[in-house]
Amino acid sequence: TPSVSATPSPTESPEKLQVALTFEDGPDIYTERLLNALEAQNAKATFFVVGDAASDFPDTVNRILDSGNELGNHTYSHETLTSLDVDDIPYQINDLNQVIEQLTGSTTSLLRPPHGSVNETVQENCDDPIILWSLDSDDNDTHDIGKIVQKVLENVEDGDIIRMHDTYETSVAAAEILITELQNQGFELVTVSELAESKNVTLESGKIYKSF
Ligand code: ZN
């Protein structure tokens with residue numbers, strides 16, 4: 001039965017520290033470098049992709065899936081869903097899924113609304129869980145690698161969903177450092193779905209999640 005329980009069973013091993021790195025707006029020319037770093041460190045991440053970028057980097061989209069990382073939906077054209085006519089919301093989600101299905105044969109099952117903009121109308125017109133974040137690396141605002149790394153390392157907690165963008169070289173360089181540093185601090189880097197499962201959370205359509 002899908003239930004959320006805070007009580008660990010006696011046989012459960014001690015709780016592991018886990019976080020989910022998430023990357024928006026790609027793939028881009030830096031994504032392969034990021035996948036190399038994840039693979040080398042046996043770490044996983046979640047990539048919330050958009051339509052044009054996915055079409056431009058079909059091999060990267062497939063590599064994300066084939067390497068055990070997770071693909072999420074960031075809408076077809078990065079529209080602010082709360083500003084759209086209600087009828088257009090499903091198109092933004094479904095059009096991205098059509099691109100992904102053509103490229104990979106599978107579809108996404110997580111939504112990250114662009115800019116994190118969400119309201120009840122979006123929630124009611126979305127068939128996927130809505131994945132926001134608990135820790136923003138601010139890599140959209142600063143392209144200072146040290147500041148991005150510092151923001152994450154000073155604030156990271158077990159169960160965090162960390163927001164980054166694989167569309168900047170500085171973000172990917174920061175991610176390379178963060179993968180190593182977070183692992184050194186005892187954090188396992190897992191996908192969003194793995195993090196939810198590990199924390200005994202059953203993801204529900206239209207529900208908003210910021211951390212687990
Ligand atoms: Zn975005």
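The values are calculated or read from the model by the stated rules, or taken from the named source; none is laboratory data. Just so you know, these numbers come straight off a predicted model, no measurement behind them. For neighbour counting, all protein chains shown are included, and Cβ atoms are generated from backbone atoms with ideal geometry for every residue, glycine included. Ligands, DNA and RNA are stripped out before the accessible areas are found, and what is left, the full protein with its side chains, is counted by its heavy atoms. Shrake-Rupley method; radii C 1.70, N 1.55, O 1.52, S 1.80 Å.
Of all the residues that make up the range 75-88, how many are within 16 Å of the ligand (Cβ to nearest atom) and either in contact (Cβ under 8 Å) with a residue 24 or more places away in the chain or in a strand (DSSP E or B) (or both)? Break it down into steps so the answer makes sense when it comes.
If we filter the range 75-88 for residues that are within 16 Å of the ligand (Cβ to nearest atom), which is where we start, we get 75-84.
Then drop every residue that is not either in contact (Cβ under 8 Å) with a residue 24 or more places away in the chain or in a strand (DSSP E or B) (or both), which leaves 75-83.
Matching residues across the range 75-88 total 9.
Count of the range 36-52 residues, restricted to those that are within 16 Å of the ligand (Cβ to nearest atom) and outside any loop (DSSP other than H, G, I, E, B), is 7.
For the range 46-79, residues that are within 19 Å of H115 (Cα to Cα) and either open to solvent by less than 50 Å² (accessible area, probe 1.4 Å) or among the charged types (D, E, K, R) (or both) total 15.
One residue alone among G105, G159, G68, G72 is without any contact (Cβ under 8 Å) to a residue 24 or more places away in the chain and small (G, A, S), and that residue is G105.
Could you check the range 194-212 and list, in sequence order, the residues that are in a helix (DSSP H, G or I) and either free of Cβ contacts under 8 Å to residues at least 12 places away in the same chain or open to solvent by 40 Å² or more (accessible area, probe 1.4 Å) (or both)? Selection gives E194, E197, S198.
You will find that of V152, V172, V192, V156, the residue that is closer than 30 Å to V86 by Cβ and aliphatic (A, V, I, L, M) is V192 and no other. Within the range 14-24, the set of residues being open to solvent by less than 40 Å² (accessible area, probe 1.4 Å) and among the acidic types (D, E) comprises E24 only. Of all residue pairs spaced 6 or more apart or on separate chains, those with beta-carbon atoms under 7 Å, a first member in the range 28-52 that is farther than 16 Å from A174 by Cβ and a second member that is of a type in the set (A, V, I, L, M) and within 13 Å of the ligand (Cβ to nearest atom) are V50/L96; G51/L96. Any residue at all in the range 132-150 that is of a type in the set (S, T, N, Q), at pLDDT 95 or above, out of contact with any Lys or Arg (no Cβ under 9 Å at 6 or more places or on another chain) and assigned to a helix (DSSP H, G or I)? The answer is yes, given that some residue of the range 132-150 is of a type in the set (S, T, N, Q), at pLDDT 95 or above, out of contact with any Lys or Arg (no Cβ under 9 Å at 6 or more places or on another chain) and assigned to a helix (DSSP H, G or I). If you go through the range 93-137 and keep only what is among the small types (G, A, S) and either more than 16 Å from the ligand (Cβ to nearest atom) or out of contact with any Phe, Trp or Tyr (no Cβ under 9 Å at 6 or more places or on another chain) (or both), you end up with G105, S106, S109, S117, S134, S137.
Which residue out of D166, D139 is under 17 Å from A45 (Cα atoms), within 15 Å of the chain's Cα centre (by Cα) and without any contact (Cβ under 8 Å) to a residue 60 or more places away in the chain? So that I can check it myself, show each step before the final result.
On the way: D166 fails: without any contact (Cβ under 8 Å) to a residue 60 or more places away in the chain.
Among D166, D139, only D139 is under 17 Å from A45 (Cα atoms), within 15 Å of the chain's Cα centre (by Cα) and without any contact (Cβ under 8 Å) to a residue 60 or more places away in the chain.
Being β-branched (V, I, T), within 16 Å of the ligand (Cβ to nearest atom) and closer than 21 Å to E32 by Cα is the requirement here; does T180 meet it? Let's see the steps before the verdict.
On the way: β-branched (V, I, T): yes; within 16 Å of the ligand (Cβ to nearest atom): no; closer than 21 Å to E32 by Cα: yes.
Answer is no for this residue.
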